[in-house]
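Just below is one structure, and these are the notes that go with it.
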Amino acid sequence: QLQLVESGGGLVQPGGSLRLSCAASGFTLNFFNIGWFRQVPGKEREGVSCISSSGSGGSTNYADSVKGRFTISRDNAKNTVYLQMNSLKPEDTAVYYCAAVLRGYCTLDQAYTYWGQGTQVTVSS
């Protein structure tokens with residue numbers, strides 16, 4: 001059973017930091033592109049960041065809205081992808097999802113196949 005489980009969300013003040021984790025089971029995350037997405041009720045889902053499979057060089061992409069503040073990384077030994085979120089803003093508040101797809105070189109508009117359940121991030125003073 002292929003699963004992705006997000007964790008690390010919570011309540012943080014503006015300017016604070018959180019690190020989200022996306023743990024994979026049932027497949028080797030290393031072979032997949034992994035994307036982070038977020039969604040606010042009433043708004044469309046937004047691609048945040050992605051990291052390509054190791055075979056595709058592990059390249060990364062970021063939405064303009066998070067560039068310079070968020071960093072995506074992979075720990076192959078733990079079969080986990082992380083999203084380090086710094087300088088958080090209230091507009092970053094959303095449910096954050098990770099997703100996986102077997103592709104070469106990730107983009108945020110790819111049709112990701114496997115999705116986690118999401119973790120809530122709330123940025124509020």
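The values are calculated or read from the model by the stated rules, or taken from the named source; none is laboratory data. Note that the structure is a prediction, hence the values are computed from the model and not measured. Every residue, glycine as well, gets a Cβ built from its backbone with ideal geometry; the counts of neighbours run over all protein chains shown. These area figures cover heavy atoms from the full protein model, side chains too; ligands, DNA and RNA do not enter into them. Shrake-Rupley method; radii C 1.70, N 1.55, O 1.52, S 1.80 Å.
Just to verify a result, which residue in segment 1-38, among those that are open to solvent by 70 Å² or more (accessible area, probe 1.4 Å) and within 16 Å of THR122 (Cα to Cα), is farthest from the chain's Cα centre (by Cα)?
GLN13
In segment 52-88, how many are among the hydrophobic types (A, V, I, L, M, F, W, C), over 14 Å from the mean Cα position of the chain (by Cα) and either within 25 Å of THR28 (Cβ to Cβ) or open to solvent by 50 Å² or more (accessible area, probe 1.4 Å) (or both)?
Number of matching residues: 1.
Going through segment 91-110 one residue at a time, which ones are open to solvent by 70 Å² or more (accessible area, probe 1.4 Å) and modelled with pLDDT of 95 or more?
If we filter segment 91-110 for residues that are open to solvent by 70 Å² or more (accessible area, probe 1.4 Å), which is where we start, we get 91, 102-103, 105, 109.
Result: GLU91, single match.
Quick check on this structure: which one of TYR82, TYR97 is farther than 19 Å from GLY57 by Cβ and assigned to a strand (DSSP E or B)?
Exactly one residue qualifies, and that residue is TYR97.
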